[in-house]
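Worksheet for the structure shown next.
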Amino acid sequence: MNLFDTIRNTVVPVHKEGYPFVIAFFVASLLLGWMWEPLFWVGLVLTLWCAYFFRDPERVTPQDEDLVISPADGRVSSIGMYSPPAELGLGAEPRLRITVFMNVFNCHVNRAPMRGRIREIVYREGEFLNAELDKASEDNERNSLIIETKHGDLGVVQIAGLVARRILCWSKPGESLEAGERFGLIRFGSRLDVFLPEGAVARVSLGQTAIAGETVLAEFGTDRGPVVSRRT
């Protein structure tokens, strides 16, 4: 492997949604540098961070319809039984919800947690509270996908946060998604809630780092109980 191949395999591509931001940051750096040279280097660092934020790496997704894969990079911040938001149409009965919180250093491309067909997509305006707060699930601006899967309807909710002000979803109702397939992106910090059908058992622990398209969040068809973890 030559140097060019090494660099190509190391550099993660930038998602097309990030190009305008990266260009804007770089142009601003040039203008700031024209006014005072040290500001160019500050702007260049911010430009590199912007490119890093919009990175879109390839992922290796397990192909098993009994597995629920993380839709986002980040920290598992909540695992428990919660009633889904009313707009999902999933009823008022509590169901297993797993939340992944994304900070400004995580990759923000969102991926389908299971194979299925999008039955409906519902956008709801709301506030921009800290996405780590539990009430953000009800109060914040959000975009919800209801996916028909082998095990029943699954809800994936993109939730805006304190800094995140733009939720993107390029998938459409009626489309089919494969597990790990990209469906959207949230800019600058946020969270995703996954509301699972009955029978799902969590396969992650609170505080665990999840990788979109790779980490198994939950599993169907198993007699084993929840995962027991040890912090080291």
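The values are calculated or read from the model by the stated rules, or taken from the named source; none is laboratory data. All values reported here derive from a predicted model rather than from experimental measurement. Cβ coordinates were reconstructed from backbone atoms using ideal geometry, including for glycine residues, and neighbour counts include every protein chain displayed. All accessible areas refer to the heavy atoms of the entire protein, side chains included, with ligands and DNA or RNA removed. Shrake-Rupley method; radii C 1.70, N 1.55, O 1.52, S 1.80 Å.
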Q: Straight distance only, please: which lysines reach the Cα of LYS16 with their own Cα at less than 23 Å, same-chain residues fewer than 8 apart left out?
A: LYS172
Q) Which whole-number percentage describes the relative contact order of the chain, with Cα contacts under 8 Å and a sequence gap of 6 or more? A) 22
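For the chain, which whole percent of the accessible surface, found with a 1.4 angstrom probe, sits on carbon and sulfur atoms?
Carbon-and-sulfur percentage of accessible area, whole number: 58.
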Q.
From Cα pairs below 8 angstrom and at least 6 apart in sequence, can you work out the relative contact order of the range 99-219, rounded to a whole percent?
A. 32
Q: Have a look at VAL68, PHE220, ILE147 and report the one farthest towards the positive end of the charge dipole of the chain, computed about the Cα centre with Cβ charges (Lys/Arg +1, Asp/Glu -1).
A: VAL68
(Q) Please give the charge dipole size of the chain, origin at the Cα centre, charges +1 on K and R Cβ atoms and -1 on D and E Cβ atoms. Round to the nearest 20 debye. (A) 400
Q.
For a bin width of 5 Å, list the pair-distance distribution of the range 1-126 built from all Cα-Cα distances, rounded to whole %.
A. 2, 8, 11, 14, 17, 14, 11, 8, 6, 5, 3, 1
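In debye to the nearest 20, how big a dipole does the range 110-224 give about its Cα centre with +1 on each Lys and Arg Cβ and -1 on each Asp and Glu Cβ?
Numbers: 16 positive and 18 negative charges, 78 e Å.
Here the range 110-224 has a charge dipole of around 380 debye.
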Q: Choose one answer from ARG124, ARG142, ARG115: the residue with the largest mean-square fluctuation in a GNM of the chain with alpha-carbon springs under 10 Å.
A: ARG124
Q.
Taking the square root of 5 times each eigenvalue of the Cα gyration tensor, what semi-axes in Å does the equivalent ellipsoid of the range 117-178 have, largest first?
A. 24, 12, 8
Q: Evaluate the distance, in nm, between pseudo-label points positioned 7 Å from the Cα of THR222 and of VAL45 along their respective Cα→Cβ axes.
A: 4.3
Q) Ratio of the range 65-216's C-alpha Rg to 2.2 N^0.38 Å, to two decimals? A) 0.91
